[in-house]
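First the structure, in the form of structure tokens, and then the observations on it.
We did not get these values from a lab; they are worked out from the coordinates using the rules stated. These numbers were taken from a predicted model, which means no experiment stands behind them. Here Cβ is always computed from backbone atoms with ideal geometry, including for glycine, and neighbour counts include all displayed protein chains.
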Amino acid sequence: MSDTWLYQVRINVSSELATTLRDDPQNTPASLHDVLRRHNASLMCQYDAFAGYVEEAEKLGRDNYPLYQWTKDTIENPEKKAKYLRSFTVYVDGADVYAAQIADSLQSGLSALADEPGIERVVKIDTNPANNPQPPAKV
């Protein structure tokens, strides 16, 4: 059954590196750039992804976006905003989830950068809902 799950790799970085990755990705540190290039991967800031979701929902109609209010509340909370500005999802071939073998290789390559300035944490997440916190249900 575990073969049915897909995986995602995320990295947490320093505020300084987050600013570079968001505002000036051409200056991504060479070692990080090389790992991403080897996996045909790119980074998406979690805050930017959340803000994009909220913007799209407001443009196209909130009724079709079940996580709209939770996401909006999250990005408007200063502490959570600071957290998500430093969290990046790794996309591989344009996808945010991928096979275990790809995620394992990517996690290994990124974890090797843990001693480099700016890289604070590398984590692999599976798509099994039982292993992931779910947004609170609004009554």
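Note on the stretch 21-34: residues that are in a helix (DSSP H, G or I) and either in contact with a Pro (Cβ under 8 Å, 6 or more places away or on another chain) or without any contact (Cβ under 8 Å) to a residue 60 or more places away in the chain (or both) amount to 7. Pairing residues of the stretch 55-69 that are closer than 18 Å to Pro133 by Cα with residues that are exposed (fewer than 10 other Cβ atoms within 10 Å of the Cβ) and of a type in the set (A, V, I, L, M, F, W, C), at Cβ distances under 7 Å and at least 6 apart in sequence or on separate chains, gives no pairs at all. Within the stretch 70-87, which residues are under 13 Å from the mean Cα position of the chain (by Cα) and under 19 Å from Gln134 (Cα atoms)? Those that are under 13 Å from the mean Cα position of the chain (by Cα) and under 19 Å from Gln134 (Cα atoms): Lys83, Tyr84, Ser87.
Taking (1) hydrophobic (A, V, I, L, M, F, W, C); (2) without any contact (Cβ under 8 Å) to a residue 12 or more places away in the chain; (3) in contact with a Leu (Cβ under 8 Å, 6 or more places away or on another chain) in turn, Ala95 satisfies each apart from (3). When Arg37 is tested against (1) of a type outside the set (Val, Ile, Thr); (2) crowded, with 19+ Cβ neighbours inside 10 Å; (3) assigned to a helix (DSSP H, G or I), exactly one condition is not met: (2).
Residues checked against (1) closer than 14 Å to Ile11 by Cβ; (2) surrounded by 13 or more Cβ atoms within 10 Å (Cβ to Cβ); (3) in contact with a strand residue (DSSP E or B) (Cβ under 9 Å, 6 or more places away or on another chain):
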position	(1), (2), (3)
Arg86	yes, yes, yes
Asp93	no, no, yes
Ser105	no, yes, no
Glu116	yes, no, no
Arg121	yes, yes, yes
Asp126	no, yes, yes
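Scan the stretch 58-117 for residues that are assigned to a loop (DSSP other than H, G, I, E, B), farther than 18 Å from Arg38 by Cα and among the hydrophobic types (A, V, I, L, M, F, W, C) and the total you get is 1.
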